[in-house]
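Okay, structure first, notes after.
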Amino acid sequence: MSENKSEDTGLQRARKAFASVAYANFLGLELCELKSGDVTVCLDVRDELKQNRGVIHGGAIASVIDTASAFAILTQIGETETVTTTDLTIHYLRPITAGRMLARAQIVRGGRRRFVVRVELENDGRLAATAVTGYLKV
């Protein structure tokens, strides 16, 4: 199978899988951009995602980042392969209170068993968080 054909299959599989993730649907996540090893997941800010001081809960931000990372990897692994998060380090740079979040995940290293992904999360065009995640094939 040619590399382009394999890449197209991975992208199609990622689109289909994203639509079936109940947690992503529950949060309201959207698959905004999808390339091989490079995925952007979006989420509109709403009151249900805020903590009691009107700021988006850190767990909601972590969910956007982790989901974007996992789907960046999904575009590059085989159909029967799965991964699990091994670590997630987030630097929250500014509070998010309104607008739209976009988490762009890019694979830094994709090995036979371990992946490292870098993520930048923007809120209405301003960098709001950065992250590095690790995944292991299981």
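Per-structure values
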item	result
Neighbours by Cβ (under 8 Å, 6+ apart or cross-chain): first from segment 69-95, within 20 Å of E33 (Cβ to Cβ); second of a type in the set (S, T, N, Q)	S69/T85; S69/T133; A70/T85; A72/Q106; T75/S36; Q76/S36
Residue that is surrounded by fewer than 20 Cβ atoms within 10 Å (Cβ to Cβ), assigned to a loop (DSSP other than H, G, I, E, B), modelled with pLDDT of 95 or more and not basic (K, R), where the choices are T86, T97	T97
Any hit, segment 68-88, residues being in contact with a strand residue (DSSP E or B) (Cβ under 6 Å, 6 or more places away or on another chain) and closer than 14 Å to E122 by Cα	yes
Index of the failed condition, Y92 passing every other in (1) of a type in the set (F, W, Y); (2) modelled with pLDDT of 95 or more; (3) over 19 Å from D124 (Cβ atoms)	(3)
Filter result (of a type in the set (D, E) and in a strand (DSSP E or B)) within segment 110-138	E120, E122
Flag for D44 being modelled with pLDDT of 95 or more, among the charged types (D, E, K, R), surrounded by 18 or more Cβ atoms within 10 Å (Cβ to Cβ) and under 15 Å from the mean Cα position of the chain (by Cα)	no
Segment 68-83, subset at pLDDT below 95 and not hydrophobic (A, V, I, L, M, F, W, C), residue surrounded by the most Cβ atoms within 10 Å (Cβ to Cβ)	T75
Residue in segment 36-58 that is among the basic types (K, R), assigned to a helix (DSSP H, G or I) and touching a residue at least 24 places away in the same chain (Cβ under 8 Å) present	no
Matching entry among I77, I107 (being within 15 Å of the chain's Cα centre (by Cα) and either of a type in the set (S, T, N, Q) or not in a helix (DSSP H, G or I) (or both))	I107
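The values are calculated or read from the model by the stated rules, or taken from the named source; none is laboratory data. Everything quoted here is computed from the prediction, not taken from an experiment. Ideal geometry is used to build each Cβ from the backbone, glycine not excepted, and the neighbour counts take in all protein chains shown.
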